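The values are calculated or read from the model by the stated rules, or taken from the named source; none is laboratory data. All values derive from a computational prediction rather than experimental measurement. Using ideal geometry, Cβ is built from the backbone for each residue, glycine included, and neighbour counts are taken over all protein chains shown.
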């Protein structure tokens, strides 16, 4: 037996032992098929009242869809899914749970119940439109998770959705549960595994298909009821990956996380912008802009491009608002969530999300706030239309963003924009796009003067505190920031680059 065969054999024995131990554990915890047994929590009924609707609210529409439910348990979600879906295939490892599910929902003619180990499942390619899993992968080995990621991608139809929720261990790496071999993994593990899954199977339409993240976020009811921030859920979509469109990376998120917003790069930016901030002017511009919004306790704010959360903590603490901070960079949000532990009691939640694909219920927010983020998005008008839908009548929108001056632009500026993947327009054009999307009272300001003022102050502060900077960073890091800010000043003073501030409203509801 060669080394590879021996490794495969050992892996096989390990997986077999995992399944044996898991079956033994769940045999002891499924004798009555109760909710408490399945959720491993004596407070299961109280939790489920809030948890079930929260999880369901995060799913894409399953109306008319073929749904695969992995780890269906006693059917907490099976019956609800079956009300909308064309067909639900409910799978669980434990026969007692499947029997209970069948007892409750067996009267539905659009549900198939399968007692099986998920690692042994095999379905034809493109069998399902939506795959749903609630607490499953923490019971699998790393190798089994990787295998399942490939299988789910294969089983999904073109543009199909994968939703899964897991207990995680956010602080550092992975952590074994009290019973071996169940594992709490860092959320970054699941991001890496599923977004690294690519297939070239089946047909030309699916060649080069992979998962693209729609969002990843914590389950809020667990934070409120149990102070547990380690329950995470993901929504991903099967898509054709276009590396040319994403600067050589599988997805735009990978481009951001591996190029412009590496973890070290973010912390380096924070040194020049100020603690908690990665946008122009740091706390000073944040305080000035937020003051324009007339925030009051109880209002809901969506921060698009939240970065590492400084502005969100400020709004929640000073004004008593509830904030949802989203950013496509997983590095940004991981840092923000680390910082959130020092801001307990504030109603701030973070999610890794693609705002162009994310969907919220109409009229979910009183304010939408965005700082130097929409420069990454080509179709701004469509995004602004979504913003309008998400805002309540009379809601406000505030955006600061990189803009460009009138043509012609220098070749150096063109190269800079292309390398960063920006799509820029003039402040006037930006304001017109907001009006075309349906916003009223649009105030589009050229704030380049303020941008220059902030750049000069930030550059001077770092130069004057080089010794302090060098305690955490290198000479190359120092040079990178100084050169970067020098070039920004050259671009702005030449008229190529501008900075805009945009304030707009959604019309109030008409009186009847």
Completion exercise
For the stretch 469-512, the count of residues that are under 30 Å from residue 294 (Cβ atoms) and touching a strand residue (DSSP E or B) at 6+ places or on another chain (Cβ under 6 Å) equals 11
Exercise for the section: Kindly establish whether residue 434 is touching a residue at least 60 places away in the same chain (Cβ under 8 Å), crowded, with 18+ Cβ neighbours inside 10 Å, in a helix (DSSP H, G or I) and under 29 Å from the mean Cα position of the chain (by Cα). Expected result: yes
Fill in the blank from the handout: How many residues of the stretch 224-248 are at pLDDT 80 or above and surrounded by 16 or more Cβ atoms within 10 Å (Cβ to Cβ)? The answer is 12
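Of all residues in the stretch 461-493, how many are without any contact (Cβ under 8 Å) to a residue 12 or more places away in the chain, under 20 Å from residue 414 (Cα atoms) and surrounded by 12 or more Cβ atoms within 10 Å (Cβ to Cβ)?
Total satisfying the criteria: 2.
Being more than 22 Å from residue 359 (Cβ to Cβ), buried (at least 19 other Cβ atoms within 10 Å of the Cβ) and either modelled with pLDDT of 90 or more or assigned by TED's automatic domain parsing to the domain that holds residue 131 (or both): is that true of residue 206 here?
It is true that residue 206 is more than 22 Å from residue 359 (Cβ to Cβ), buried (at least 19 other Cβ atoms within 10 Å of the Cβ) and either modelled with pLDDT of 90 or more or assigned by TED's automatic domain parsing to the domain that holds residue 131 (or both).
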Handout entry: Hits in the stretch 341-375 (condition: more than 16 Å from the chain's Cα centre (by Cα) and modelled with pLDDT under 95)
Key = 341, 342, 343, 344, 345, 346, 347, 361
Exercise for the section: Could you tell me whether the stretch 252-269 includes any residue that is assigned to a loop (DSSP other than H, G, I, E, B) and either in the same structural domain as residue 349 (by TED's automatic domain parsing) or more than 17 Å from residue 340 (Cβ to Cβ) (or both)? Expected result: yes
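Yes or no, residue by residue, for (1) surrounded by 22 or more Cβ atoms within 10 Å (Cβ to Cβ); (2) touching a strand residue (DSSP E or B) at 6+ places or on another chain (Cβ under 6 Å); (3) part of a helix (DSSP H, G or I):
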residue: 287; (1), (2), (3): no, no, yes
residue: 295; (1), (2), (3): no, no, no
residue: 326; (1), (2), (3): yes, yes, no
residue: 346; (1), (2), (3): no, no, no
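This table checks each residue for (1) in the same structural domain as residue 452 (by TED's automatic domain parsing); (2) in contact with a strand residue (DSSP E or B) (Cβ under 9 Å, 6 or more places away or on another chain); (3) outside any helix (DSSP H, G or I); (4) at pLDDT 95 or above.
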| residue | (1), (2), (3), (4) |
| --- | --- |
| 276 | yes, no, yes, yes |
| 284 | yes, no, no, yes |
| 292 | yes, yes, no, yes |
| 301 | yes, yes, yes, yes |
| 311 | yes, yes, no, yes |
| 316 | yes, yes, no, yes |
| 323 | yes, yes, yes, yes |
